[in-house]
1. Rank-order 44-54, 79-89, 260-270 by packing density, defined as the average count of other C-beta atoms within 10 Å over each peptide's residues, highest first.
2. In straight Cα distance, which aspartates and glutamates are under 16 Å from K151, not counting same-chain residues fewer than 8 positions off?
3. Lysines within cross-link reach of K262: Cα-Cα under 16 Å, excluding same-chain residues under 8 positions apart?
4. Compute, for H148, the solvent-accessible surface of its heavy atoms (probe 1.4 Å) with the complete set of protein chains present, and express it in square angstrom to the nearest 10.
5. Going toward the positive end of the dipole of segment 163-260, with +1 on Lys and Arg Cβ and -1 on Asp and Glu Cβ, which of T197, A254, P185 do you reach last?
6. Do the alpha carbons of any pairs in K115/K137; K120/K200; K47/K76; K91/K115; K76/K106; K84/K120 sit beyond 18 Å of each other, and which pairs?
7. Name the long-range amide H neighbours of A88: under 5 Å, sequence gap of 5 or more, or other chain; modelled H, no Pro or chain starts.
Amino acid sequence: MRLIPRALCGAARAAWRESFPLGGHAVARWFPGHMAKGLKKMQSSLKLVDCIIEVHDARISFGGRNPLFQETLGLKPHLLVLNKMDLADLKERQKIIRHLEGEGLKNVIFTNCVKDENVKQSLEYCIMVIGVPNVGKSSLINSLRRQHLRKGKATRVGGEPGITRAVMSRIQVCERPLMFLLDTPGVLAPRIESVETGLKLALCGTVLDHLVGEETLADYLLYTLNRHELFGYVQHYGLGEACDDIVSVLKRVAVKLGKTQKVKVLTGTGDVNVIQPNYPAAARDFLRTFRSGLLGPVMLDRDTLQSHPSAGAQGHRPAETDP
């Protein structure tokens, strides 16, 4: 939720961090290599498909895509599906599309596979569905089955990466014409372009939170929300005012939710039980609330969009209109 009285954050705005301390964060430790086995299996399955759909998170429209997909699988027609549009701030959707067109991506659609929005646009061929972990590849397949076959889930989905572990057999998604999809495991790039891109991917659930650290991720989330003037967390948790100190925010979240724990403290007169906030539990709730959309839509790549002006309207095909 964006509409917060400006007086709420006016006094604190001068203290907003202009950058996030990236030192000491070794992004290579977060991501389990380039997952060569999965990519090799995709290559061997190319002969079975006519088209490739790459699914990515609409909140990080420009960053975090695996360049090896284009290098290794780029011989097939390519459609980029930016999923989770319901969680993304898409007020500048046309600018996003033009920016991607400038990168050579001519076929781009936005979807919400939970509510089956825009999904029918993607059904054209026998298709292999690829992407980094936890962007909604299995959800897209299940959504197409619901719309065209009125059938339930064919692939497991979940809110964490690693649910799909192998290239699956062909999954029917339509009767007339007869259409099949291949689900594939999420494959990350062998080298993430920057620590900040890694943090954005982690915020979207691409890796397990504990590999990065829940409190580190919560701190980056707070930094991002404040910089974008998205103060929905203040109202959601009843904090009274915005704050840029993650320890203070998590302490208040923990108290609000009753997430506290007894800790023994050694004093000169013996052990004393002290009630302390459960910071990891509060951080997990903060992240879960963000990912469920309760803190409002966000465009994590907004800085990229603003720093790279898109080409003018001339020379481009008319972009799709908002649904």
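1. Values: 44-54: 16.5, 79-89: 22.5, 260-270: 9.3.
The packing order, highest mean first, is 79-89, 44-54, 260-270.
2. D116, E175
3. Within reach: K251.
4. Accessible area of H148: about 60 Å².
5. P185
6. In this structure, K120/K200; K91/K115 exceed 18 Å between Cα atoms.
7. Excluding prolines and chain starts, which carry no amide H, the hits are V298.
The values are calculated or read from the model by the stated rules, or taken from the named source; none is laboratory data. Everything quoted here is computed from the prediction, not taken from an experiment. Counting neighbours? That spans all protein chains shown, and the Cβs are built from the backbone with ideal geometry, glycine included. Side chains included, ligands, DNA and RNA excluded: accessible areas come from the protein's heavy atoms. Shrake-Rupley method; radii C 1.70, N 1.55, O 1.52, S 1.80 Å.
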